[in-house]
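Working notes for the structure below.
The values are calculated or read from the model by the stated rules, or taken from the named source; none is laboratory data. Model, not experiment: these values are computed from the prediction. Positions of Cβ are backbone-derived with ideal geometry, glycine not excepted, and every protein chain shown enters the neighbour counts. When the accessible area is computed, the model is the full protein with side chains, heavy atoms only, and any ligands, DNA or RNA have been set aside. Shrake-Rupley method; radii C 1.70, N 1.55, O 1.52, S 1.80 Å.
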Amino acid sequence: MLFFASLAASADTHAPTYPVLSQQFSEQYNGLFHLDAITLEPLDARGNQATYSVKGDMSATEDLYAIVGMAADYQLVEKTWTKGKPVKFSAMMTATGTPESGWTTSFLSMQAAAKNVGHPLEDVNNQDKYLIVNDFGFDARLAKINADFAALKAKQQVSLTRQKELEQEIETLERQINASWGEDKNGKPLSRNDVQTALFQELYQFSRDNDPLKFENNYNATVYEPALAACQKKPDCDATPLRKARDIALSDQQRKYSVQHKIMSNKIKDEMAARDKALQPLWHKQGELNAELVKLSVNSEELQRRLERWDRDISYLRRNGVIH
């Protein structure tokens, strides 16, 4: 270690010692830099405070890097300091104190033969995250990544071609499915809902025509009430047989209605189930194709974003001289 290597003849022999300067230099720069060599040239002294012009060698205690750009998911960094490699510097230094009381020093207006930026990166060797632009292997790595993105672009084109094929296959299946439901009297294609609605119309009409409450009201108005009125004109009227007859008629109609309604409902259910079963292979195939299409589409969109971002970022970095 060098200290006071070229002091002026009138140098103050009471200046801070090298160990003091080295320790406080390191503390001022949070331990990132080490003072390797220094010469002092006194400029001014007042009381216990002196000002010096200093120059010498300093080194980083870690490799230091500065972020210079982004390219897709990669951070482009420049290595600004190499651990332990001496770098020439000059600065102003103030020193307050005496050999007896101790010293407080401060380095100002630092100028160094290296960029005054950078910080340690613990995972700088992670090649999926960082690209070191002034590393000797940078050009080869960038070329490899460009080739990888070119391969991804070709892969995406294959995916887009397959997506178009899937869309055509799905449309063909859709036409087959739609055609299976037939046409109306005007030749308009029917949907599943159209067919089911038409089948239920007959059931709805049956329900309207044979509604138990409607039957009961009609029976009362046309049978029971006239018979009851005629009976009540007689002094010995017994309406019990009339009520029993009404209850039997209503119960019988309710039973027949329920049986027929269930028969018609089951017939509709069976017919729709048979039609659905016939279409099940087409629906299943269509579902498989749709699932494949969605997966390819999502992956393709994500890949497109990555490709566009890479091209945009690389163009920006080249345009601004960060890379060549």
Charge dipole (debye, nearest 20) of the chain; +1 at Cβ of Lys and Arg, -1 at Cβ of Asp and Glu
1300 debye
I want to verify a result. In a Gaussian network model of the chain, Cα cutoff 10 Å, which of these has the top mean-square fluctuation: His14, His34, His284?
His14
Restricting to lysines and to Cα separations under 24 Å from Lys267, and discarding same-chain partners fewer than 8 apart, the set is Lys185, Lys256, Lys277
In region 119-190, which GluC sites (Glu not before Pro) are in a loop and have at most 12 other Cβ atoms within 10 Å, using DSSP for the loop call?
Glu122
Rounded to the nearest 20 debye, what is the charge dipole size of region 155-317 about its Cα centre when +1 sits on each Lys and Arg Cβ and -1 on each Asp and Glu Cβ?
400 debye
If we count trypsin sites (Lys or Arg not before Pro) as exposed when they sit in a DSSP loop and have at most 11 other beta carbons within 10 Å, what is the longest stretch of the chain that avoids them all?
1-184
Among (i) 41.3; (ii) 21.7; (iii) 20.5, which is the computed mean projected area of the Cα convex hull in nm²?
(i)
Could you run the Karplus curve 6.51 cos²θ - 1.76 cosθ + 1.60 with θ = phi - 60° over region 298-308 and give me ³J(HN,Hα) per residue in whole Hz, x for Gly and Pro?
4, 5, 5, 5, 5, 5, 4, 4, 5, 5, 5
Assigning unit charges at the beta carbon (Lys, Arg +1; Asp, Glu -1) and nothing else, what dipole magnitude in debye, to the nearest 20, does region 64-217 show about its Cα centre?
1040 debye
How much of the accessible area of region 155-317, in percent, comes from carbon and sulfur atoms when a 1.4 Å probe is used?
53 percent
Å² per residue, accessible surface of region 155-258 at 1.4 Å:
71 Å²
Placing +1 on each Lys and Arg Cβ and -1 on each Asp and Glu Cβ in the chain, then taking the dipole about the Cα centre, the residue among Ala37, Ala278, Thr94 whose Cα reaches farthest towards the positive end is Ala278
Using a Gaussian network model on the chain with a 10 Å cutoff between Cα atoms, which of Gln205, Gln163, Gln75 fluctuates the most?
Gln205
For region 155-317, build the charge dipole from Cβ charges (+1 Lys, Arg; -1 Asp, Glu) around the Cα centre, then report which of Leu199, Met264, Gly187 sits farthest towards its positive end.
Met264
Solvent-accessible area per residue for region 29-133 (1.4 angstrom probe, square angstrom):
53 Å²
May I ask you to list the lysines whose Cα is less than 18 Å away from that of Lys129, ignoring any residue fewer than eight positions away on the same chain?
Lys79, Lys144
